[in-house]
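Undergrad: Sharing a structure here in structure tokens format.
Please treat every number below as a calculation from the coordinates, not as lab data. Since the model is a prediction, treat every value here as computed from it, not as a measurement. Positions of Cβ are generated from backbone atoms using ideal geometry, with glycine treated the same way; all protein chains shown enter the neighbour counts.
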Amino acid sequence: MIRRLLIILTFVGLISFNAQAQDPIFSQYYSAPLQINPAFAGHGYAPSFALNYRNQWPSLNAYSTYAASYDQYLDYLNSGFGVMILADDAGDGLLKMTKVSGVYAYRLKINDEFFVKLGAEASVVQARLNWSRLVFLDQIDVENGPISPGGTPYPTAEEQPDNLTNVYFDASAGLLLYGKSLYGGFAIKHLNTPNESFLNINNNLNGGLPLRYTVHAGAEISLTKSNKKEGAPFISPNLLFVRQGDFGQLNVGAYAGMGLIFGGVWYRHAQSNSDAVIALLGVQKGIFKIGYSYDVTVSGLASESGGSHEISVSFRFKEPGVDFNDCFQMFR
């Protein structure tokens with residue numbers, strides 16, 4: 001069963017170099033907010049550095065995703081600035097993507113308790129296809145699969161394209177509204193629908209990378225009277241909805257902070273089927289924060305995938321005298 005599934009996944013990878021792909025999304029999206037909405041740039045006011053790693057379906061060698069980001073807020077400009085590097089490895093080296101982004105957000109003060117932020121992102125993306133890892137239909141033997149009994153792959157008549165690397169520009173924008181206890185945001189990725197294909201047989205057939213629409217919202221509920229005191233216990237129910245092309249997912253759950261310890265539970269529904277239950281546990285002390293989450297697969301891949309592991313590490317340097325008049329504790 002596993003062998004047959006791997007062959008199917010590899011074949012899907014074959015057609016992906018000339019089809020519309022989907023963006024990687026972290027289960028711990030609150031630890032990589034710039035990847036969700038550029039309007040989050042400078043959300044922590046003080047300089048912040050974050051690292052993220054995701055290993056999805058390790059039993060199938062499916063996806064490994066890495067991210068590093070830095071952002072900070074400049075009060076005299078009412079602006080947040082950030083940079084982000086995102087790397088994604090699909091199919092154990094079959095298709096690799098590296099994205100370098102510059103992010104900017106401008107904050108508008110509506111009143112003492114309500115703010116709006118407008119964000120923009122400009123990125124350069126490099127995608128590389130490893131032709132040697134592809135399996136074509138003419139290589140698959142009915143009895144032996146793509147590998148002969150002697151251990152060598154069956155040959156293919158397919159010709160390798162001249163260019164296996166594609167570099168393109170990508171643009172995104174977002175909006176974030178927030179107050180003391182509620183927040184909500186909307187973002188659109190790939191505004192210019194860049195051409196991500198490798199073959200370029202007929203550009204009229206390539207619609208470009210599909211727009212990614214993201215809607216996210218949440219609340220912060222204090223478990224004590226002084227909910228803005230650092231380390232005070234709180235719970236944050238939240239949701240994330242992402243739609244890109246024919247793919248959609250909804251994450252619903254809650255994050256809780258209890259002094260040094262934080263955790264959370266979410267349910268993810270993908271398109272028309274249940275996908276995963278996400279469990280999080282972490283520690284936060286001073287400027288340091290580390291979290292681990294595991295996606296328990298509940299779809300038809302439950303027995304084959306091995307779930308998904310994710311680790312986030314962040315360093316947020318404190319600004320003295322800053323009063324966090326917002327509901328972003330789970331993002332800091």
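Undergrad: Excluding residues fewer than 8 places away in the same chain, name every one of the lysines whose C-alpha is closer than 18 Å to that of LYS318.
TA: Straight-line reach from LYS318, under 18 Å: LYS228, LYS229, LYS285, LYS289.
Undergrad: Next up: Quick one: length gained pulling GLN126 to ASN144 fully straight, 0.36 nm per residue minus the C-alpha distance?
TA: Gain in length upon complete extension: 2.9 nm.
Undergrad: Using a basic spin-label model with each label point 7 Å from the Cα along Cα→Cβ, how many nm lie between ASN192 and VAL215?
TA: 2.9
Undergrad: How far apart, in nm, are two points set 7 Å out from the Cα along the Cα-to-Cβ line at VAL252 and at ASN325?
TA: Between VAL252 and ASN325, the simple spin-label model gives 3.4 nm.
Undergrad: Can you put SER312, SER123 in order, fewest other beta carbons within 10 Å first?
TA: Listing SER312, SER123 from fewest to most nearby Cβ atoms yields SER123, SER312.
Undergrad: Taking the Cβ of each residue in ILE311, ILE25 as the centre, tally the other Cβ atoms inside 10 Å and list the residues starting with the fewest.
TA: ILE311, ILE25
Undergrad: Let me know the shape class of the stretch 28-134, please: from the alpha-carbon gyration tensor, a ≥ b ≥ c as square roots of the eigenvalues, rounded when a/c is under 1.5, otherwise prolate if a/b is greater than b/c, or oblate.
TA: Because a/c hits 1.5 or more and a/b exceeds b/c, the stretch 28-134 counts as prolate.
Undergrad: Between LEU137 and ASP162, what length in nm is gained on full extension when 0.36 nm per residue of separation is reduced by their alpha carbon distance?
TA: Between LEU137 and ASP162, full extension yields 6.9 nm more.
Undergrad: Run the simple label-point estimate for THR224 and PHE169 please: 7 Å along Cα→C-beta, distance reported in nm.
TA: 5.0
Undergrad: Another question about this same structure. Going by how many other Cβ atoms sit within 10 Å of their own, how do ILE110, ILE36 line up, fewest first?
TA: ILE110, ILE36
Undergrad: OK, next. Could you calculate the contour length gain from ILE235 to VAL298, that is, 0.36 nm times the residue separation minus the distance between their Cα atoms, to one decimal place in nm?
TA: Separation in residues times 0.36 nm, less the Cα-Cα distance, equals 20.1 nm.
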